[in-house]
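In what follows, a single structure is set out as structure tokens and then discussed.
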Amino acid sequence: MDEIDDRILGILATNGRASFAAIGEAVGLSPHGAADRVRRLERDGVISGYAARIDPAGVGRSLDAFIDVRLLPATDSEEFERRVARLDSVREMAFLTGRFDFQLRVACRDADDLNQTVRALRRDAGAAGTETRIVLRSSRFERAPVG
């Protein structure tokens, strides 16, 4: 990894569909040189894939929230993860240290959908307690990690 690789990762983090010609022009390489670099980053596992970012509001899920979850003592964390992965509203899940065991980011249709999600966590997934915060505004910063 060098500075050119870092710059290529930054370009791809912002636009995963950037052409090799555009990448090469931005970092001072030929399209072929840029392609070689990207393929090496893919082969080495630095680039693990490409995906479209979908705006949840565009598909009717405009209520964005974080749910902190504390598990019941008898709840297996891996089983909790499997059950949560089946909930349509859950977009991200992180296993944490601290007061809560997990933090979930959800995209719900409305307040009733959020309520049903929290109830499912408690009733079906093994949550002992939850704390929910609704997102009023957020920003996303696509950056490649700098080594």
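The values are calculated or read from the model by the stated rules, or taken from the named source; none is laboratory data. Nothing here was measured: the structure is a model prediction, and the numbers come from that model. Neighbour counts are summed over all protein chains in view; Cβ atoms, including those assigned to glycine, are modelled from backbone coordinates with ideal geometry.
What the table below lists for this structure:
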item	result
From PHE80, PHE95, residue being under 30 Å from ASN115 (Cα atoms) and touching a Ser or Thr at 6+ places or on another chain (Cβ under 9 Å)	PHE95
Residue list for the stretch 78-111, restricted to those being free of Cβ contacts under 8 Å to residues at least 24 places away in the same chain and under 20 Å from GLY58 (Cβ atoms)	ASP88, GLU92
Residue selected from the stretch 83-108 under the condition closer than 15 Å to GLY129 by Cβ and among the charged types (D, E, K, R), by the criterion surrounded by the most Cβ atoms within 10 Å (Cβ to Cβ)	ASP101
Candidates ALA22, ALA26, ALA35, ALA13, filtered to the one that is touching a residue at least 60 places away in the same chain (Cβ under 8 Å) and not assigned by TED's automatic domain parsing to the domain that holds ARG99	ALA13
Hits in the stretch 30-82 - residues which are surrounded by 15 or more Cβ atoms within 10 Å (Cβ to Cβ), modelled with pLDDT of 95 or more and in a loop (DSSP other than H, G, I, E, B)	THR75
Flag if THR132 is in contact with a Phe, Trp or Tyr (Cβ under 9 Å, 6 or more places away or on another chain) and of a type in the set (Ser, Thr, Tyr)	yes
